Structures are given as structure tokens and as C-alpha cells.
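In what follows, a structure is listed as C-alpha cells, so that the remarks can point back to it.
Read the figures in this text as sums done on the coordinates, not as results from a lab. Everything numeric here is computed off the predicted structure, so don't read it as measured data. Neighbour counts are summed over all protein chains in view; Cβ atoms, including those assigned to glycine, are modelled from backbone coordinates with ideal geometry.
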Amino acid sequence: MTQQNAMPDMKLEVIVIPVSDVDRAKRFYDSLGWRLDADFDISDAFHVVQFTPPGSDCSVHFGTGLTDATPGSARGLFLVVSDIVATHDVLAARGVAVSDVFHRGVGEPPQPGPDPERRSYFSYATFRDPDGNEWLLQEVTARLPGRVDGTDTTFTSAADLARALRRAEAAHGQYEKQLGRRDDAWADWYADYLVREQTGKALAS
């Protein structure tokens, strides 16, 4: 495909979820610590509220006059997190009825607790908003190949970067044991590890 015919970027900006009580939904999503971006109460026929989850490039709309979907019918809404246990505990502390953490492979039944090896994509938890719209938390620490542009490595928060650095530190410690000496090029090793982890490439060993 020539550059002239290359597909322009298409960035998912907003999803719409159906709710029955706008004010109740607004209180709930505010309690999650999500950022309130807009609240346009135009009339009895049109009211739109926008929230954005921490670290997300995609926002959520709900309100009046936005969708004909049945309130509470939204399913399969994925929220990717870098630490499923920490996220579960924060939600629970905020009073959210979040499920216990569970793990499962593709096409397999769920098992209790996080994945024993903490493999990326395998650990989950769920919660619902007051209408029953269901959100699925999924722990992702290393992307599968092709899921992330190799030239675009970003972290959504300082905490997310700190957790990635701790994983790199543990892996680098093993690398230095194999090396048998201090690695003076540790900064380059860390940088390569972080990029490889995010872009789904084979990790340095």
C-alpha cells in the first residue's frame, strides 16, 4: 500500500453506556476516581456526561438522548490495569462491589485468584455500575506482538512506570547474575526491556 493510500489514524475517543438515572451514574463514576470532563444538561430531552478513567485515552458518555440501548445492557467493557490486586483493593476501599480476582486462559473456565505466574492478559476482576453495566478489569503488563506500535512507548501514570521499572529491576538482577559482574550499561538494558515489554517483543535475558 502506498503512503498516499495509507489509512489515517482512527483513535477510539468515546464509548456510550446506557443508564436510567444520570445523577446516580454520575455519583458512581465520580466515586471511582474517574475524571469528570463535561456535564451538559441542555434539556429534559438531552443531557450528556463525560468521564475518563485514569490513564485512559478513551472516555465514557452517558445521559439522556444518547442511545436507545436498555440501561444496564453494556457488557465486555475492558479496563486494562498493570496490577489487578492493587486495583481490586482500591476499588473495594472506595465501596465498589468488585468481584474477587480470578484467572483464566483463552476458552478456559475461571479459577480463583490471580494467575499464579502473573502472566499478562490472564488475571481479571469485574464490577457493575448501579444500572448493571459490567466492567471487566484485565491485568496487562506485557503486550502481545503487534498490539503496540514499536515506535510509540508510553506509560499512563507515574505508578504504572514505577511498576514497569520494578519488573525490569528484577529481570536485570537475573541478567547480572548470568553476566557475573555489574552491568555498566544498565540504563540501556532497562530502556530496551521496557520497550520490548510494551511492544510484545521477546524480553532480554
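Data for the structure
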read-out	value
Cα-based helix-to-principal-axis angle, 186-199 vs the chain, degrees rounded to 10	40
Region 4-75 - Rg and Dmax from Cα coordinates, angstrom	14.0, 48
Computed Kirkwood radius, in angstrom, where 1/r is averaged over Cα pairs of the chain	19.5
Gaussian network model of the chain, Cα within-10 Å springs - most flexible of T67, T126, T52	T67
Principal-axis tilt of helix 158-179 within the chain, Cα atoms, nearest 10 degrees	20
Neighbour-count ranking [beta-carbon atoms within 10 angstrom, fewest first] of H47, H88	H47, H88
DSSP beta bridges in region 3-139 [antiparallel fraction, %, rounded to 5]	70
Cα Rg, Dmax (largest Cα-Cα span) when computed across region 158-199, Å	10.5, 32
Burial ordering of E176, E197, E117, fewest other beta-carbon atoms within 10 Å first	E117, E176, E197
Top of P112, P18, P130 by mean-square fluctuation, Gaussian network on the chain, Cα under 10 Å	P112
Part-to-part distance (alpha-carbon centres) for region 91-149 and region 43-79, which is given in Å	21
Relative exposure of L179, L12, judged by other C-beta atoms within 10 Å (fewest first)	L12, L179
Max mean-square fluctuation residue, GNM over the chain, Cα-Cα springs under 10 Å, options G95, G180, G72	G180
